[in-house]
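Take a look at the structure below.
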Amino acid sequence: MPARIVVIYAHPYPSRSRAGKALLHAISDVEGLEVRSLYSRYPDFGIDIDAEQEALLGADLIVWQSPFYWYGVPALLHHWFEKVLALGWAYGDRHILRGKHVLFAVTTGGPPSSYSPEGMHGHPFETFLPPVSQTAKFCAMEFCEPFILHGAHRLSEEELAEKAREYRATIERAVRNIRNGNGIVVQSGVANG
Ligand SMILES: Cc1cc2nc3c(=O)[nH]c(=O)nc-3n(C[C@H](O)[C@H](O)[C@H](O)COP(=O)(O)O)c2cc1C
């Protein structure tokens, strides 16, 4: 049976996306992969919690894919964290997602040089990751090395196509490593119970 990959895609304007759309297109025919476009499913933020949790239960790899908005994830993905990663299910008495791998795939407007003390964003990009990585950790999940596409608007078509190929390779490698019991982990989950 192929590994099951669930991509939680949070782009507020999927049809206007360039970078996110290219990344998604590159992985769309990966075997066992399901894309759940949150803004298409839940334009009014009325998340079907049972359906989302059910989708996660069957996943070997969970991907959170979004553009970077105001130094974090778009509002509906944050809302999804709040509703779907619920007390008594994802954390607290139970950690139903324990041991599952999460890959954060993010596109930014700022180029790599803007994420430095001298740059426009004032801090290395990694500084902004803990709200996402720690969310996974708190739910006892394994947080993979994130996939980051910087400077989305500056990339030529060729550069974007190259990044999209890299994204597909990253997902395929992650699945292989998970299957071999050798996940590309940055930080393991720490929650007990
Ligand atoms: C509301 C909003 C907030 C944004 N905040 C950031 C930010 O904090 N840092 C950054 O590098 N880019 C930021 N951007 C740029 C987006 O990350 C960029 O447009 C997106 O990744 C491009 O991907 P797309 O072609 O799929 O839309 C922001 C864009 C919008 C519209």
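Every read-out reported here was derived from the displayed coordinates using simple, explicitly stated rules and does not represent laboratory data. A quick note: this is a predicted structure, and the numbers were derived from the prediction, not measured. Positions of Cβ are backbone-derived with ideal geometry, glycine not excepted, and every protein chain shown enters the neighbour counts.
Some observations on this one:
- Cross-link reach list, lysines versus LYS163, counting only Cα pairs under 16 Å and skipping chain neighbours closer than eight places: LYS21
- Remark: segment 11-23, residue by residue, has Karplus-estimated 3J(HN,Hα) of 10, x, 10, x, 6, 8, 5, 9, 5, x, 5, 5, 4 Hz, where x stands for each Gly or Pro and the curve is 6.51 cos²θ - 1.76 cosθ + 1.60 at θ = phi - 60°.
- J(HN,Hα) series, segment 79-95, from Karplus relation 6.51 cos²θ - 1.76 cosθ + 1.60, nearest Hz, glycine and proline x: 4, 4, 3, 5, 8, 7, 8, 8, 4, x, 10, 8, 8, x, 5, 10, 10
- Segment 17-38 residues near the modelled ARG179 label - backbone nitrogen below 12 Å, point 7 Å along Cα→Cβ: 31-32
- Taken over the alpha carbons of segment 26-67 as equal point scatterers, the Debye sum produces base-10 log I(q)/I(0) values at 0.31 Å⁻¹ of -1.27.
- Summing Cβ point charges (Lys, Arg +1; Asp, Glu -1) relative to the Cα centre of the chain gives a dipole of roughly 100 debye.
- Segment 67-100-segment 118-188 distance, computed between alpha-carbon centres (Å): 17 Å
- Convex hull volume per residue, computed on the Cα atoms of segment 77-130, equals 107 Å³.
- Ordering of 89-100, 150-161 by burial proxy (mean other Cβ atoms within 10 Å per residue, highest first): 89-100, 150-161
- Principal axis dimensions, largest first and in whole angstrom, of segment 5-187 by Cα: 45, 33, 32
- Between VAL175, PRO67, LEU160, the Cα set farthest toward the positive side of the dipole of segment 63-184 (charges on each charged residue's Cβ, about the Cα centre) is that of VAL175.
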